[in-house]
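> I'd like to ask you about the structure that follows.
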Amino acid sequence: MTKRYAVVLAAGQGTRMKSRLYKVLHPVAGKPMVQHVVDQIKNVNVEKIVTVIGHGAEKVKSQLGTDIEYALQEEQLGTGHAVMQTEGQLGELNGTTLVVCGDTPLISSETMEALLTHHEKENAKVTLLTAHAEDPAGYGRVIRNEDGTVAKVVEHKDASMEELAVQEINTGTYCFDNQTLFEALKQVNNDNVQGEYYLPDVIEIVKNQSKTVAAYQTPSFEETIGVNDRVALSEAERLMKVRINTRHMRNGVTIIDPQQTYISADVTIGKDSVILPGTVLSGETSIGEDCEIGPNSEIKDSQIGNATVIRQSVVHDSDVGDNVAIGPFAHIRPQSKLGNDIKVGNFVEIKKSKMDNGSKASHLSYIGDAEIGKDVNLGCGSITVNYDGKNKHLTKVEDGAFIGCNSNLIAPVTVGENAYVAAGSTITDNVPGEALSIARARQTNKEGYVSKIQDKQNNHRG
Ligand code: UD1
Ligand code: CA
């Protein structure tokens, strides 16, 4: 079988985005556009992927990682010039090279595979992925000969009135016979409106060498949209959302209102889970089966077990077990680990803490830098006083302990197994297991106080 390689073009600044962030790093469904492209390429069988970087080179590299190769394009002289920069890595090789733009985040591996198959079947030297666009503005137009074969691609800015009317566009994805590509690139000039070396000019050059140029038209223009500005970015986001949400629904997840549900590309959700409106699931998040998430919840980089309910709450970078109830209005902050059968109720904040099976913090608490054992009850208003202004300290509450309402646990401190802390206590010393600790002023009742004070006031007036 012919060997396959891939090139991703990602060196441009993306002027039309009007952004400090380099274009290909703009996220779509929570993942940078160029990462979508590379991930899809990884699903087709290629020997190596070379990404052309320039603007924001280091940032793009650290995003995409070290398992692919890079070629540096120091000056952005056009897409043809960009591919030229990969000559050191690919120029000597035989095989087929797939070229994809880093700003077409919706292109799927299925379409890439279909293009490669068409290219191989047609025995072509170049195969262009085209699409029919209702509004082709901004795209290169595919100009065909009378016999239907592709003659060339004309950029929007270089097109005549007649050419502008053509609705078949160049998607910016191509297959090339590798040797033919690098030979033809040497002949590409920059004699055009933008003064750039255009990659699509290779098509006309190869055609004039009487070699086979083929085109494969995908039925889905939507998959090929190129993101040049923020309007297109929002369109890409919308389309990606439909794709992602549809996939989850087909896999057995109920999404009550897909238009109001935002799930990042790499999130996984188990079957029979229900996602309510206003929910944002992002990063490397996994949700188990039979969960109910939302409405209006935000879960990022977190693992959620089965049958867990999270309402109107925020969970970041944390692990949550099975059959846990969170919210409404709870905040689980990074590095927290909740076991199974736990309840975290309204206005509870948990930070960098462990909470073991069966424990509860049902109302109005702050639990930071703490290790909470099994079956612990943290009463309403329990606070771990973890910060002395300089350092954070650990609070330990061992299995079965009961913390009464409105208690301060001043860390470092340990409350032993099955111990009780009386409501309103400020605990500064360790509480032994099985003990009751009361740390508050004793109550005194002043009998008859009201009439005494009234008498005093009357005497004063008189
Ligand atoms: C390009 C195509 C156009 C096609 C469209 C599809 C050319 C000349 N035109 O136009 O026919 O319809 O894509 O979306 O190829 N890049 C570099 N180095 C450069 C210039 C660009 O790496 O010197 C990268 C960009 O980062 C981007 C990609 O190549 O990811 C495409 O460049 P862009 O300027 O967006 O090309 P378009 O004008 O959209
Ligand atoms: Ca583009």
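> Can you pull the percent of Cα pairs in the stretch 191-262 with separation above 17 Å?
Working: 1702 of 2556 pairs.
Summing the P(r) tail past 17 Å for the stretch 191-262 gives 67 percent.
> Taking +1 at the Cβ of each Lys and Arg and -1 at the Cβ of each Asp and Glu, which of Leu364, Val202, Thr86 sits farthest along the dipole of the chain towards its positive end, judged by Cα position relative to the Cα centre?
Leu364
> Turning to a different aspect of this structure: Of all accessible surface on the chain at a 1.4 Å probe, what whole percent is carbon and sulfur? Write down the numbers at each step before the final one.
Working: 10370 of 22290 Å².
Heavy-atom surface of the chain belonging to carbon and sulfur, 1.4 Å probe: 47 percent.
> Would you compute the Debye intensity of the stretch 366-407 from its alpha-carbon atoms alone, equal scatterers and no solvent, and pass along log10 I(q)/I(0) at q = 0.18, 0.19, 0.25 Å⁻¹ to two decimals?
Log10 I(q)/I(0), no solvent term: -0.49, -0.54, -0.85.
> What's the long-distance tail for the stretch 99-224, i.e. % of Cα pairs beyond 22 Å?
The answer is 30 percent, as a whole percent.
> What whole-number value in cubic angstrom gives the convex hull volume per residue for the C-alpha atoms of the stretch 324-423?
Numbers: hull volume 7.1 nm³, N = 100.
Residue-normalised Cα hull volume stands at 71 Å³.
> What fraction of the Cα pairs in the stretch 160-296, stated in percent, has a spacing above 27 angstrom?
Details: 4345 of 9316 pairs.
The proportion of pairs with Cα distances above 27 Å equals 47 percent.
> Binning every alpha carbon pair distance of the stretch 4-224 at 5 Å from zero, what are the percents per bin?
1, 7, 16, 20, 22, 18, 11, 4, 1, 0
> Also, I was wondering about something else. For Gln335 and Glu113, what does the FRET efficiency come to when R0 = 35 Å and r is the distance between their Cβ atoms, rounded to the nearest 0.05?
Numbers: r = 41 Å, r/R0 = 1.16.
With R0 = 35 Å, the Cβ-Cβ based efficiency is 0.30.
> Which value does Rg/Rh take for the stretch 73-119 over its C-alpha atoms, Rh per Kirkwood? Before the final figure, lay out the partial values.
On the way: Rg = 12.8 Å, Rh = 12.6 Å.
We get a ratio of 1.02 for the stretch 73-119.
> Please compute the per residue accessible area over the chain with all protein chains in place, 1.4 Å probe, rounded to a whole number of Å². Numbers along the way, then the final one.
Numbers: 22290 Å² over 462 residues.
So the chain comes to 48 Å² accessible per residue, rounded to a whole number.
> Kirkwood Rh and Cα-based Rg: tell me the resulting Rg over Rh for the chain, rounded to two decimals.
On the way: Rg = 31.5 Å, Rh = 26.1 Å.
My calculation of the ratio gives 1.21.
> Compute the orientation-averaged projected area for the stretch 291-344 from the convex hull of its Cα atoms and round it to one decimal in nm². Provide the component values of the computation, followed by the final result.
Numbers: hull surface 11.0 nm².
Mean shadow area of the hull around the Cα atoms is 2.8 nm².
> What does the convex hull of the alpha-carbon atoms of the stretch 246-336 project to on average, in nm²? List each step's numbers first, then the result.
Details: hull surface 18.1 nm².
Over every viewing direction, the Cα hull of the stretch 246-336 projects on average to 4.5 nm².
> Taking Cα centroids, how far is the stretch 193-272 from the stretch 365-388 in Å?
Between the Cα centres of the stretch 193-272 and the stretch 365-388 lies a distance of 47 Å.
> Around Lys48, under 15 Å between beta carbons, what's the net of Lys plus Arg minus Asp minus Glu among the other residues?
Working: positive: Lys3, Arg4, Lys42; negative: Glu47, Asp67, Glu69, Glu87, Glu92.
Charge balance near Lys48 sits at -2.
> Another question, if that's okay. Can you give me the three principal axis dimensions of the stretch 214-368 from its C-alpha atoms, in Å, biggest first?
Principal axes ranked by extent give 64, 31, 25 Å for the Cα atoms.
> Related question: From the residues Ile143, Leu77, Val7, which one has its Cα farthest along the dipole of the stretch 1-158 in the positive direction, the dipole being from +1 and -1 charges on Cβ of Lys/Arg and Asp/Glu about the Cα centre?
Leu77
The values are calculated or read from the model by the stated rules, or taken from the named source; none is laboratory data. The structure presented is a predicted model; accordingly, all values stated were derived computationally and were not measured. Note that we place each Cβ from the backbone using ideal geometry, even for glycine, and neighbour counts take in every protein chain shown. All accessible areas refer to the heavy atoms of the entire protein, side chains included, with ligands and DNA or RNA removed. Shrake-Rupley method; radii C 1.70, N 1.55, O 1.52, S 1.80 Å.
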